[in-house]
Each structure stands twice: as C-alpha cells, then as structure tokens.
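The values are calculated or read from the model by the stated rules, or taken from the named source; none is laboratory data. All values derive from a computational prediction rather than experimental measurement. Here Cβ is always computed from backbone atoms with ideal geometry, including for glycine, and neighbour counts include all displayed protein chains.
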Amino acid sequence: MNNLILKIDLSKEESKTEELREDLIEQYLGGRGIGVRLLCDNLAKGVDPLDPANLLIFAIGPLTGTVVPTSGRFALVTKSPLTNTIMHSNSGGFWGVGLKRCGFDVLYITGRLKRRGYVVIDGPNAEIRDAEALWGLSTEETLEKMKELEGNCQVLSIGPAGENLVRIAAIMNQAQRAFGRGGVGAVMGSKGLKAIVVKNGTKKFQSNLEQIKKVNQVATDKIKVFPVTSQGLPLFGTAVLIKVINAFGMLPVNNNQMAYIADGRIDEISGESLRQRFLEREEGCYACPIRCGRLTNTGEMRGKGPEFESLWALGPQCGIFDLKIITHANYACNKLGIDTISAGCTIACAMELQQRGLLEDSAMKFGNADILCDLIRKIAYKEAIGEYLAEGALRLAERFHGAEYAMQVKGLEIPAYDPRGAMGQALNFATSNRGACHLTGYLVGMELLGVPKLIDRFSLVKSDLLALKQNQSAAEDSLVVCKFVGFALGLDYQVRFLHLVTGQDYTIDKLVEIGERIYTLERLFNIREGFSRKDDTLPERFLKEPLQEGPSKDCVVPLDKLLEDYYHIRRWDENGVPTDEILQKLNLERLS
C-alpha cells in the first residue's frame, strides 16, 4: 500500500495528503475497514447525510492492483441518506487500481462546493474543475465528456438522480457499474460533485511478484474448475441464479406476496434467455478470471446487464416478465444513476399500495410493463409520483399509510431472496449494519448452493455460521476482493496472498478477528445514531404470513429465537449492544 490519504475539502477547494497510520492498517487492513474507522472517528453524531459535513470515503485494500484474482475492487463508506445507518459498498472495474497507481490508498472528501465541479486526480496531484456544463448529463454522457476533456481516465459519476438528491441514487463507475445501495449518489450530489476522475498513475508494486504469480496460478486453476466460477457465472452471469432461487421457492414476486413462479414465465427472464437473446459479449473487472459481466444489446439499445438482482427487482418483484423491457429499465437506471434493487422494490411497493386501495393510480399495478421505464425517469427527476418513489419504499409506504407493505430493513429494500425460505439469510437481513443486505453475510452459499457445504436452510441453529460469514465478508471487503472468488477459494488463499504482498504474517483467525472488529464498529456507529434491537427486524409479512405455494410453502421466520442466539454468539447483550468483554477483546471503545 502507499499509506497515503488524499483529503479534499470541497468547501475550501483545498486538498492535502496525510499518512495513513500503521495501527489502522494493522487493525482494519484497508477498504471497508479503513473507511469505517475514518468515518467513525471524524463524523459527529447526528449529522444529516446530506449535510456538507458528511464524508465520502473511497478506499483500496492491500491486494488492490496486484495480480491476485479479482483484486480490482475498492470500497466506499459514508452515512446513508436512505437509512441513516453507516453505509459501505464496493465496486469493481479499474478505478480503484487507478487511485492506487496515483499513489493513494484513501480518498477522503468532505464539504460542499460553492459551484458545481468535478475532481481530477492526475498522478500525485488533485484539482477541482468546473462542472456546470456537465450538470444534467446522464452517466454515459458524463463518461464520454470526461474522456474528451481528460483523455484516458477512470470515472465515478452521478446522473440526474444524484443531482436531484434522490434517496436511492447510485454512484456509477464507468457509467456501468454501481455503488448502488443506500442513496450514496445523493451524498455526492449534495456536495455539488458530478464526477471523480483518476488518470496518469505510474506507481507499480512488484513485491514478491514471482512467488505471488505461483500462488496465483494455483488459485486461478481452482477458480477455473469450480462449477460456479468456471461455468455458471462466466456463461450466464449472475442471472444464472434466477431459476436456481426460484427452484427453492425464494424468488419474490409482486412485492413478496409470492416467492415461486410455477409456469414457463421463469424461462422468459432466466440467465439462459438473457444469453440467448441479448448477449453481445462477456466482460470482467481487473485481474478477474471469472468475467461475469454481460454487455447486452436488445436491438433497440445496448448497455451492461441486467444482473440477477436488477432483473428480479425490475421484473418479477413488479410482476413483469418482459425481458426486453426489464433490460431497458436496467439501462435507464444506469444512465440516470439509480439503484436497481431499490427502484424495483419501491415501484413494487407502490403497486401493492395501489392494490390495497391506498394509492389512487390505476396504472400503478403489478404486471404493467408499459409504465416501468417512465417511472424510472420520473424518479430521477422527482416528477409526479416519482417525487414519492424517489424517497425509497419505507418513506413512500409511510406517506400512504401502508408501512407494512415496504419490504425493507432499517429503510433499505430487501434483495432477491425471500427470507421465509432460508433462516440464516433471514437473520442476516435483520442484523446487517447497512440494512437489508445479502452480501454482508451470504449464507445463501451454504443454505442453497452447498458452498463450501450444504446446510439445512430451515434450521434455526446457524447464528455462529452467520456471524463467521459476516466477519469474513468484512475482511474480504477490506482486502478488497470479490465475493464470487470465495466460492472457489477459502481465506487460506487470501492469507497467503496478504503475506506475500505485505510481508506481514497473517492467519485465518487474525483475518476473521479483523472482520469482527469492523462489523462491531459499524454496530457501534448505528447504536450512536439511535438504532437498537427494535431495528433488527423484518417486515411482518415474513414473520406472520406463510408462503402459500412452492418449496418454501407454510414457512415464516421465528426471528426472536434467531436473534437471541445471534446476540449470544456475538457477545452482545439482550438489546444487541456489544458488551465490554467483546469491546476489550477487539480493542474498541463506544462512540460518543
């Protein structure tokens, strides 16, 4: 690592560099961990996420930019305007590698510009430039303009949704990849910041290169023979999961009123159908042998995706099974800078509100594909019903007196796995620090896919596995590597890579402890901001309404029992507050 933080104060239009303390690297690695620690240390209690004082922290990890498989990823940490929780995210592509090659491990942004602008990190130098002419452009148009103005570069940008402070706005990476969840695009928009460009980095890292290459070859060979990473993802992308999750009776339909598609409609929206009808070519991130990305072309439009979550949220969750329209809606979200999961789930929530007689809009009904793309545009510009949809599902439902129809946790819309079909994933949704999130503890791998081993998805005895998975995930997000590589490689490989890259001795236990430290610190942030056990919950639908058909029929989530065991495993008290014992073990203090 470079051990340097680039700090930019937008209010003063000043930048400076600071040393990244060695003790922070030792205890938090990089990426998500470093970002979380910096946010907790520097953001005061109760700051509004759209206030200039909120921070945008981008951080790479010790493996970023090396030859290690999937090491192109980098992390973002901020406070979410959708949930008011801590928000962490990560993205792939090449931007993070560009930041590292410019000599920085962390980009730390605070303040608000007096004029609309964009940041250029040009090698070791940083400058703020005028963006008045860029305001209002789509993310694709912004990317093209940046290439015209700045030459060969990597670009993070917001679209009109971020400019208009939409609470489900994303930050787009090269216009196609997203820091999607939690409204992070609105944070960037609130700062008057249209784009962040990195270019002309020349730093290279050759430590133990020959030894790394040898381990890398063995790791790559494993990735290329493991079925998920050698066949499923490369052939069909993440959309390969559509039929898999449906087969378990866990693919939500019509705002989670159902979770199983019994007829041929599932084939119409499958990853296989996407490949056959629209695939132009596969693509991948830096140092990725999996290449799960889909560049698609419908004959009318072309772009990236849709990914599994996007396909589901803009499709079955809204009762829509027209693959072309779903794909066009996905393109629209990317161009306008909107989180596809939150967009689809919020539209689905509105459709159920209409179904229940709480929202008077005859067109807002399940299965009406004709309105989908227009609704996405209205969200970005806060036009008509879009003004309410732009607030996310929970605020929308509360406005129309139907909060129980918002499928969310802590304000973040639930992804594409109905919790009634897998108890570990249900518990993860309830306890995830950033709100409903499948990636912070992906027990689906074990409960459904049998990776690294199959466990009973309905068993209630798995709190220890979830806590371990959440800790591992926090460590992976701090290295930073892709979740998909974990299907084929265990943490033993990451420990070997980490030793070769840094020269420091690590063990699997130490890596897991670092993850636990990060996860617990996030919990402390949320507690400081007023969150408690009452927020570790699920919508009543999942607790009291059994599914009526499919392989998960008659199931509900006994959450109180799951939470009791989980808190005990975590060494948190009955209210979900970390005890002094665990804080001392992890070298943490309560936040004030």
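Data for the structure
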| quantity | calculated |
| --- | --- |
| Qualifying position, being touching a residue at least 12 places away in the same chain (Cβ under 8 Å) and within 30 Å of Ser71 (Cα to Cα), among Phe308, Phe400, Phe366, Phe321 | Phe308 |
| Candidates Gly293, Gly264 - the one that is surrounded by fewer than 21 Cβ atoms within 10 Å (Cβ to Cβ) and either under 23 Å from Ile338 (Cα atoms) or without any contact (Cβ under 8 Å) to a residue 60 or more places away in the chain (or both) | Gly264 |
| Whichever residue in region 398-415 is among the aliphatic types (A, V, I, L, M) and surrounded by 24 or more Cβ atoms within 10 Å (Cβ to Cβ) and, among such residues, is farthest from the chain's Cα centre (by Cα) | Ala406 |
| Answer residue from region 511-561, given it is aliphatic (A, V, I, L, M) and farther than 30 Å from Gly35 by Cα and is surrounded by the fewest Cβ atoms within 10 Å (Cβ to Cβ) among those | Leu543 |
| Complete set of residues in region 281-300 that are farther than 16 Å from Gly232 by Cα and either under 19 Å from the mean Cα position of the chain (by Cα) or not β-branched (Val, Ile, Thr) (or both) | Cys285, Tyr286, Ala287, Leu295, Asn297, Gly299, Glu300 |
| Strands (runs of 3 or more DSSP E) (entirely within region 1-89) containing at least 1 residues that are farther than 21 Å from Ala170 by Cβ and more than 20 Å from the chain's Cα centre (by Cα) | 4-9, 14-19 |
| Residue, surrounded by the most Cβ atoms within 10 Å (Cβ to Cβ), within region 455-484, restricted to residues that are of a type in the set (D, E, K, R), within 15 Å of the chain's Cα centre (by Cα) and modelled with pLDDT of 95 or more | Asp477 |
| Criterion (assigned by TED's automatic domain parsing to the domain that holds Asn246 and assigned to a helix (DSSP H, G or I)) met by exactly one of Leu375, Leu468 | Leu375 |
| Close pairs (7 angstrom Cβ cut-off, 6 or more residues apart or separate chains): in the same structural domain as Leu156 (by TED's automatic domain parsing) and over 13 Å from Ser157 (Cβ atoms) in region 183-197, of a type outside the set (Val, Ile, Thr) and in a helix (DSSP H, G or I) anywhere | Ala186/Gly162 |
| Within region 330-376, considering residues that are surrounded by fewer than 18 Cβ atoms within 10 Å (Cβ to Cβ) and of a type in the set (Lys, Arg), the one nearest to Thr296 (Cα to Cα) | Lys365 |
| Filtered residues of region 244-268 (kept if of a type outside the set (A, V, I, L, M, F, W, C) and either outside any loop (DSSP other than H, G, I, E, B) or in contact with a Pro (Cβ under 6 Å, 6 or more places away or on another chain) (or both)) | Asn246, Gly249, Arg265, Asp267, Glu268 |
| Per-region count, region 1-25, residues without any contact (Cβ under 8 Å) to a residue 60 or more places away in the chain and under 25 Å from Thr64 (Cα atoms) | 8 |
| Tabulated pairs, region 519-546, first under 29 Å from Asn587 (Cβ atoms), second crowded, with 16+ Cβ neighbours inside 10 Å and of a type in the set (Ser, Thr, Tyr), C-beta under 6 angstrom, 6+ apart or interchain | Asn526/Thr85; Asp536/Thr431 |
| Qualifying position, being in contact (Cβ under 8 Å) with a residue 60 or more places away in the chain and in contact with a Gly (Cβ under 7 Å, 6 or more places away or on another chain), among Cys102, Cys40 | Cys102 |
| Qualifying position, being touching a Cys at 6+ places or on another chain (Cβ under 9 Å), assigned to a loop (DSSP other than H, G, I, E, B) and either farther than 22 Å from Ile242 by Cα or not β-branched (Val, Ile, Thr) (or both), among Gly435, Gly367, Gly450 | Gly367 |
| Ser80 being modelled with pLDDT under 95, of a type in the set (Ser, Thr, Tyr) and buried (at least 19 other Cβ atoms within 10 Å of the Cβ) | no |
| Sole exception among (1) free of Cβ contacts under 8 Å to residues at least 12 places away in the same chain; (2) within 24 Å of the chain's Cα centre (by Cα) for Gly303, by number | (1) |
| Where Leu63 falls short, out of the listed (1) surrounded by fewer than 23 Cβ atoms within 10 Å (Cβ to Cβ); (2) of a type in the set (A, V, I, L, M); (3) touching a residue at least 60 places away in the same chain (Cβ under 8 Å) | (1) |
| Qualifying position, being assigned by TED's automatic domain parsing to the domain that holds Thr66, crowded, with 24+ Cβ neighbours inside 10 Å and β-branched (Val, Ile, Thr), among Ile109, Ile171, Ile128 | Ile171 |
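Okay, residues lined up against (1) among the β-branched types (Val, Ile, Thr); (2) surrounded by fewer than 24 Cβ atoms within 10 Å (Cβ to Cβ); (3) closer than 19 Å to Ser89 by Cβ:
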residue	(1), (2), (3)
Phe429	no, no, yes
His438	no, yes, yes
Gly445	no, yes, no
Lys453	no, yes, no
Leu489	no, yes, no
